[in-house]
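In what follows, a single structure is set out as structure tokens and then discussed.
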Amino acid sequence: MRAEVYSELAKANISPSMREIQIATMLRLSMVIKVANGALVLQCPLKSQDLVKWLRDAIKETYKIDSKPQKSGAPCLCIEGAGAKKLLLLTGLLDRKTKRIVPGFPVFGSVPPLPAATAMWRGALMAQGELSSDKKEGAKVYCSVPELAQELVKSAAILGLDAHINTKGRRKSVEAEADQTLKLLNLLGAKDWAIKVCNTYAQKDEDTKHVVSQLYEANKKRSSEASQSACQRVERALKILEGKKVNPNLIEAGRLRLRYPDATLSELGGLANPPISKDALAGRMRRLYKLAMDAREGRA
């Protein structure tokens, strides 16, 4: 997605409980856990500095835990030492019994399903989202863990949207079609971008219609020119063969072409008596032309 979408999603006005869900979702989808000098380190690579700032401020305000952006390279937020473990426990990402990262998203039981699903999808798009300008594609969220992908699909259903898991390619993703994406962006607070995308789709539709119209007119013109040429050849052939003994089927084929100049070969074949295939009709036309050419050369 473009930076404008991230900025608009980051500016959405949400409650503290929805912010907690959004933080947990972003961390679960983007975090990389490392150990440096015996200390736990969480690295969260994101798509823009706006997202890094949002996540940093949200963690500070919600959990009073300090984090810092990576000094060089791509946008990335780092949480180190005791703060990293504390954050994993407070967000529910670290199971207190097994001391392992939960396979899916934490349980957000204290928040009603609809706002929880909204916060989850906003966090998912901000963490691992991608938005295509192609009307056939829409939005996708990359998910390497099957449990995360399945929970995102269920959350989309709660929002009244249809999403599916795409297992093709090197990276698995949860995807929504273009019309579903527009609804999703409106629900998540990115209404300005939804309008832009809608206008882009409409413009592409107009461009497509224009191209199709041009192709139609060009084909119509070529068809008309081919029909006129065929009629002229038939007229010359019948004039040359006038008074000569010629198979009636060949004469009928020529006259059908003159009578219905815009008809296709299949349509002309259906008008023959008895009806014949377009290949048979084309064969008769070719024999008619050949007879006319032979007769003209014979006179010369």
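The values are calculated or read from the model by the stated rules, or taken from the named source; none is laboratory data. Since we're looking at a predicted model, the values are computed, not measured. Cβ atoms come from the backbone with ideal geometry, glycine included; neighbour counts cover every protein chain shown. All accessible areas refer to the heavy atoms of the entire protein, side chains included, with ligands and DNA or RNA removed. Shrake-Rupley method; radii C 1.70, N 1.55, O 1.52, S 1.80 Å.
Annotations
- Entry remark, region 161-181: residues being part of a helix (DSSP H, G or I) and either within 20 Å of Val145 (Cα to Cα) or at pLDDT below 80 (or both) number 2 in total.
- Qualifying residues in region 275-291 (those that are more than 44 Å from the chain's Cα centre (by Cα) and open to solvent by 90 Å² or more (accessible area, probe 1.4 Å)) - the one farthest from Ala230 (Cα to Cα): Pro275
- When region 1-28 is limited to residues that are within 26 Å of the chain's Cα centre (by Cα) and β-branched (Val, Ile, Thr), the one that is farthest from Leu131 (Cα to Cα) turns out to be Thr25.
- Looking only at region 33-60, residues that are touching a Ser or Thr at 6+ places or on another chain (Cβ under 7 Å) and over 17 Å from Leu88 (Cα atoms) come to 2 in all.
- Residue list for region 243-283, filter: acidic (Asp, Glu) and modelled with pLDDT of 85 or more: Glu252, Asp279
- Residues that are over 16 Å from the mean Cα position of the chain (by Cα), open to solvent by 30 Å² or more (accessible area, probe 1.4 Å) and either over 19 Å from Ser30 (Cβ atoms) or polar (S, T, N, Q) (or both), drawn from region 155-184: Ala157, Ile158, Gly160
- In the set Leu148, Leu187, Leu152, only one residue is at pLDDT 65 or above, part of a helix (DSSP H, G or I), touching a helix residue (DSSP H, G or I) at 6+ places or on another chain (Cβ under 8 Å) and open to solvent by 50 Å² or more (accessible area, probe 1.4 Å); that residue is Leu187.
Quick grid of which residues meet (1) open to solvent by less than 50 Å² (accessible area, probe 1.4 Å); (2) under 21 Å from Ser223 (Cβ atoms); (3) not in a helix (DSSP H, G or I):
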position	(1), (2), (3)
Val234	yes, yes, no
Arg257	yes, yes, no
Glu267	no, yes, no
Met293	no, no, no
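- Those residues of region 269-291 which are of a type outside the set (Gly, Ala, Ser) and in a helix (DSSP H, G or I), in sequence order: Leu271, Lys278, Asp279, Leu281, Arg284, Met285, Arg286, Arg287, Leu288, Tyr289, Lys290, Leu291
- Where a residue in region 15-37 is β-branched (Val, Ile, Thr) and its partner, wherever it lies, is open to solvent by 30 Å² or more (accessible area, probe 1.4 Å), with Cβ under 6 Å and at least six apart: Ile21/Phe108; Val32/Gln43
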